[in-house]
Every structure is written in C-alpha cells, then in structure tokens.
Amino acid sequence: MRVAVLNIVGLCPAVFARRKCPNLQAFAQRSGGIRTLTADLPAVTCSAQSSMLTGKRSGQHGIVGNGWFDRSLQEVHFWKQSNHLVHGPMVWDTLRERAHAAGRNAPVIANSFWWFNMYSGADISVTPRPQYRADGRKVPDCWTQPPQLRDELQQEHGQFPLFHFWGPMSDIRSTDWIACAAMSVEKKFQPDLHLIYLPHLDYCLQKFGPEDPRIDQEIREIDRVFEGIRKFYEQRGVQVVVLSEYGIAPVDHALTPNRTLRDAGFVSIRNEGEREYLDAGASRA
C-alpha cells in the first residue's frame, strides 16, 4: 500500500478542542482517535523531523536544534539543508533494505518540504531554496530533485511564495502551494511513501498565540487544505497518515537566558552602525 504522511505542525488536542476543524476531527474518528507521541527534545522542526525519520533521539542523529554554533568556523548556522548532517539511516533506507531482503522492488520515496531534504536518498525532493543574487536580493525559489521538477512545479503553481512561508508575512499561501505541488508529484511519480510538510498552524500559533481568537480562522484554513489533499490521495488508493511534530502551548512569563549570560560576562557584544550584535566567537558561553 502506498502512503502519504501529512505533517501538520502544531496540530494537537488543544486545536481539536476548539472544534473548528471538522474534516480533521472526522478523519481522526475514522482512524481510531488521536494518539500522543512522546516528543524528543528540543521540540523544534529540524530535531523533531530527524527523530521521526531516523527513529533516534537528537543526541544520536546529531540534529540538536534548528541551528548550532560551529566551533571551527566560529559561526552560528541555521536551517542548513544537506541530509548528510543527519547521522544514521533514514526511514527510506530501512524500507529499501527490507524490500531487497524480501526480493521486492525498492520503494519510490518523495519528500515535499520535510527538512534536510537536499542530497538525500529520497527519489523525489522539493524544498525551499531562495536565490541570493549578486545585487543582494533574496529571490523566492525552491530546489528539487530531479532538477527539472522545479520549473514544472513553478510553471503549474506559480513561484514558491517563500515570504509567506517564513517570517511575519507567513500565511496559508505557502501551505496551499506545498499541498498543490505534492499532488503534482503524486500524479507524475506515484511514490510509495510521500512525506508532506504542511506548516501553516505552526506559524500562526506562534504569531498570535494559541488562545487568540484569530486562530479559529487559521484552523479552518488548514482544515480546508487537509480535506482537499485527503480526498485526492484516498481517491487514488493512497493511505493518509496525519502527524504533528509538536504543539504550541500558552505561556504566562518569559525567561531571558541571553540577558543573564550577558550580565555575567559570558556573552560578547559588538556595536556596529549604532546597533548591538552578538559576537558568538568571542563569547565565553
């Protein structure tokens, strides 16, 4: 049986409790209810996804956050994309080994926007990858394997809306694009396992807070996207699995570890252009 795994980040019992996602609720009921995963730490995208795809904890697969300090370069690196950063076999490696041992053809694997998606063992990859032009511009784009898929997807669905994927302008447009692109990948390649990242809830829950009344409309939006992609896959005989990396909970106070470290002399700051910048390489922390 072919499987599509929908990673709807931020989906959790508290979201269901708002009763604004009838399609997801009906799917959960048909599928035997909601089950809670024991999350790895830290509960951030790169670490959580790597744990799901390797079956290992962050201390084993090496992805300890969305970014980390490189002691050789004395620089902080965020959102790197090479799959070679993840230590250990991925789920598709295990599936291929089992298929080989059983004398079956190797499964076709597609990865639509799960992280560390470049130069991996997946047969088809689609991931955000802006162009950084010589004049300093950051141009929205995506990276694909095979390479020609990039042009095909953007001709069919328009330019990937990068600025609606990250940052303060993030909204449903990026998730809509990913869902449409994933369905195009299904039509073209019919993968046996398709990993699909639908990030909308994650962004709005962090932007507004999980108890903000504006979240109700955002839940309706992701519910609409889900229902469209669910119907599409089930009509093609593909089993749909829904999961989430983590949920977003309300907080009533904030901790400021960097200020504490600075006050204690463990963080070094540089003043450039009337602004303060962290000098990570010169910091004792």
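Note on the stretch 207-220: residues that are crowded, with 19+ Cβ neighbours inside 10 Å and of a type outside the set (Val, Ile, Thr) total 2.
No other residue among 190, 131, 148 is of a type in the set (S, T, N, Q), out of contact with any helix residue (DSSP H, G or I) (no Cβ under 6 Å at 6 or more places or on another chain) and within 22 Å of residue 234 (Cα to Cα) apart from 190. Is it the case that some residue within the stretch 247-260 is assigned by TED's automatic domain parsing to the domain that holds residue 149, modelled with pLDDT of 95 or more and under 20 Å from residue 114 (Cβ atoms)? No, the stretch 247-260 contains no residue that is assigned by TED's automatic domain parsing to the domain that holds residue 149, modelled with pLDDT of 95 or more and under 20 Å from residue 114 (Cβ atoms).
Just wondering, is there one or more residues in the stretch 53-63 that are surrounded by fewer than 15 Cβ atoms within 10 Å (Cβ to Cβ), in the same structural domain as residue 165 (by TED's automatic domain parsing), in a loop (DSSP other than H, G, I, E, B) and not hydrophobic (A, V, I, L, M, F, W, C)? No, the stretch 53-63 contains no residue that is surrounded by fewer than 15 Cβ atoms within 10 Å (Cβ to Cβ), in the same structural domain as residue 165 (by TED's automatic domain parsing), in a loop (DSSP other than H, G, I, E, B) and not hydrophobic (A, V, I, L, M, F, W, C). Residues of the stretch 184-206 being touching a Phe, Trp or Tyr at 6+ places or on another chain (Cβ under 9 Å) and buried (at least 21 other Cβ atoms within 10 Å of the Cβ), which ones? 186, 194, 195, 196, 197, 198, 199, 202, 203, listed by residue number.
Just checking, does the stretch 163-170 include any residue being in contact with a His (Cβ under 8 Å, 6 or more places away or on another chain) and within 20 Å of residue 229 (Cα to Cα)? Checked the stretch 163-170: no residue is in contact with a His (Cβ under 8 Å, 6 or more places away or on another chain) and within 20 Å of residue 229 (Cα to Cα). Would you mind stating whether residue 48 is part of a strand (DSSP E or B), surrounded by 17 or more Cβ atoms within 10 Å (Cβ to Cβ), of a type in the set (A, V, I, L, M) and touching a residue at least 24 places away in the same chain (Cβ under 8 Å)? No; evaluated as a whole, the condition is false for this residue.
Contact annotation: residue pairs with Cβ atoms under 7 Å, 6 or more positions apart or on different chains, pairing a residue in the stretch 9-30 that is in contact (Cβ under 8 Å) with a residue 12 or more places away in the chain and crowded, with 19+ Cβ neighbours inside 10 Å with a partner that is of a type in the set (Ser, Thr, Tyr) and part of a loop (DSSP other than H, G, I, E, B), are 9/244; 10/244; 11/244; 12/244.
Being surrounded by 11 or more Cβ atoms within 10 Å (Cβ to Cβ) and in the same structural domain as residue 178 (by TED's automatic domain parsing) narrows it down to one residue among 136, 121; which is it? Checking each option against the conditions leaves just 121.
The values are calculated or read from the model by the stated rules, or taken from the named source; none is laboratory data. Since this is a predicted model, take the numbers as computed values, not measurements. Cβ sites come from the backbone with ideal geometry, for glycine too, and all protein chains shown count toward neighbours.
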